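Heads up: the structure comes next, in structure tokens.
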Amino acid sequence: MASGRRSGALPSTAATVDTTPRCRPGRRRFRLAVHPPPWDRIARPMTERVVIPIAEHRYDAALPHVPESPQSPVGRLLDARGRRLHDLRISVTDRCNFRCTYCMPKSVFDKDYAFLPQSSLLSFEEIERLVRAFVAHGVEKVRLTGGEPLLRRNVERLVEMLAAIRCASGEPLDLTLTTNGSLLARKARALRDAGLRRLTVSLDALDDATFRAMNDVDFPVADVLDGIEAAAAAGFASVKVNMVVKRGVNDGQIVPMAAHFRGTGHIVRFIEFMDVGASNGWAMDDVLPSREVIERIHVAFPLEQAEPNYTGEVAERWRYRDSGGEVGVISSVTQPFCGDCSRARLSTEGRLYTCLFAGAGHDLRGLVRGDTDDARLAGAIAHLWSQRTDRYSEIRSSRTEGLRKIEMSYIGG
Ligand code: SF4
């Protein structure tokens, strides 16, 4: 067995996964994590899981501290653990037309659920101003999310505004968007024309019955596949296809998904089912470790590990040995990557969250709609980020189980 492999047996494949180190030193690989997977700490019988009612915590974010004499941004901002602010994810709506059981279960997000009123949402101009402030601090990548971002009226206008922003290097932002694909066939061309260069589509199964059950609104998978085709025709050559893998629900779709997108240029990324928010009834039993995902694909289509594209890349890359493209795995549960997490999140109504699992945000909208000038706004962001210590996935355990966490549908994934 090659050194560097995580604990456990070699995959039961005709050809074994080559784990000879190719990545640059210090990169994540499949090996025993510094923080071992917390199976024994939080595994709980399926029959005992509980869905915790959501606390209404969208309106209680505090105004951030605004320094009296803020330093001018220097294009690089480190948090208390030395992690650079590089990515900004922006939720443009808290609404979605799906009710995926792991994200917006119908039992919570029913007809009586109070979504944010239009007046609460950040306007496109407010979003643009905030993005410029973040870019001054070194943000180079912006992802639009939701809810379902294509439900936000004229979202392509926002894309156009953000596509015009330049980083300190003079380069455009790395601007991308995550969608459930339901409206993509209609919107792909407009998004491309507005300046969007990359696209991620969430797709949890190819089997129509499984997909309809998971989105829980009986939405057909064929329409999402049409959307991906439309995106490719509009010029999105390599769409990322994100599949959340839930053991016993859609893990039978792993190999079919890999097979379907092999050779197309699109990249499927398999995401471990996470305990985001309080409404998805998460339990460790539901998590299929990424290592098993890779092993299953490898049996059908031999794989080898590829180097990360950049420091802090969330997905670990694996390429097909026969040049059929690549897949990725995102292992937030079994291989936490907090150590180089460079992501900040902006909610639909302008709360800043410094972790996907945060319980409280910071009211940047209050500053934007107040009399705070750009220098002081940038100073407030610098103060917030410099105090950041988040590392939820590294400390996930029975002690974190009952913590109040923001819902993924509110903050984006
Ligand atoms: S748990 Fe929080 S700090 Fe860790 S990788 Fe996820 S978002 Fe980043």
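Values quoted throughout were computed directly from the atomic coordinates according to the rules given, and no laboratory measurement underlies them. Keep in mind that this is a model prediction, so the values were computed, not measured. With ideal geometry, Cβ positions are generated from the backbone for all residues, glycine too; neighbour counts draw on all protein chains shown.
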Check: What do you get for Rg/Rh of the range 48-411 when both radii come from the Cα atoms and Rh is the Kirkwood radius?
Finding: 0.94
Next item on the list: Return the sequence-ordered ³J(HN,Hα) values of the range 381-396 in whole Hz as given by the Karplus equation 6.51 cos²θ - 1.76 cosθ + 1.60 applied to θ = phi - 60°, using x for Gly and Pro.
Entry: 5, 4, 5, 4, 5, 5, 9, 5, 10, 4, 7, 3, 5, 6, 10, 3
Check: What ranking of Glu140, Glu313 emerges when the number of other C-beta atoms within 10 Å of each C-beta is taken as an exposure proxy, fewest first?
Finding: Glu313, Glu140
Next item on the list: Output ³J(HN,Hα) for the range 133-141: one whole-Hz value per residue in order, computed from phi by the Karplus curve 6.51 cos²θ - 1.76 cosθ + 1.60 with θ = phi - 60°, and x for Gly and Pro.
Entry: 5, 5, 4, 4, 8, x, 5, 10, 10
Check: Counting only residues 5 or more places away or on other chains, whose amide H sits under 5 Å from the amide H of Val268 once H atoms are built in the peptide plane?
Finding: Val241, Gly328
Notebook entry, point to check: lysines near Lys141 by alpha-carbon distance under 17 Å, same-chain residues fewer than 8 away left out - which ones?
Noted result: Lys240
Check: Want the number for Ala80 to Asp110: 0.36 nm per residue separation, take away the alpha-carbon distance, what's left?
Finding: 6.8 nm
Checklist line | Net charge of Cβ neighbours under 13 Å - reference Gly235; Lys, Arg +1; Asp, Glu -1 | finding: +2
Margin query: Sort Asp174, Asp218 by Cβ crowding within 10 Å, fewest neighbours at the top.
Written below: Asp218, Asp174
Margin query: Quick check: net charge around Phe98, other residues with Cβ under 11 Å of its Cβ, Lys/Arg +1 and Asp/Glu -1?
Written below: 0
Checklist line | HN-Hα J in Hz across the range 320-336 - Karplus 6.51, -1.76, 1.60, θ = phi - 60°, x for Gly and Pro | finding: 6, 5, 9, 6, x, x, 8, 10, x, 10, 10, 10, 4, 8, 8, 9, x
Notebook entry, point to check: How many angstrom lie between the C-alpha centres of the range 80-111 and the range 258-315?
Noted result: 19 Å
Checklist line | Computed magnitude of the charge dipole of the range 123-260 (debye, nearest 20; Cβ of K, R +1, Cβ of D, E -1) | finding: 400 debye
Note to self: With the crude spin-label approximation of a point 7 Å out along Cα→Cβ, what separation in nm comes out for His383 versus Ser72?
What the structure shows: 2.1 nm
Item checked: Anisotropy class of the range 138-225 from Cα gyration tensor, a/c 1.5 cut -> prolate
Next item on the list: Please grab the % of Cα pairs in the range 262-404 that end up more than 27 Å from each other.
Entry: 39 percent
Item checked: Dipole in debye (nearest 20) - the range 48-411, about Cα centre, beta carbon charges: Lys, Arg +1; Asp, Glu -1 -> 460 debye
Margin query: Highest mean first, how do 264-273, 368-377, 318-327, 176-185 rank when packing is the count of other Cβ atoms within 10 Å averaged over residues?
Written below: 176-185, 264-273, 318-327, 368-377
Next item on the list: Give, as a single signed number, the net charge of other residues whose beta carbon lies under 13 Å from the beta carbon of Ala80, with Lys and Arg counted +1 and Asp and Glu -1.
Entry: +3
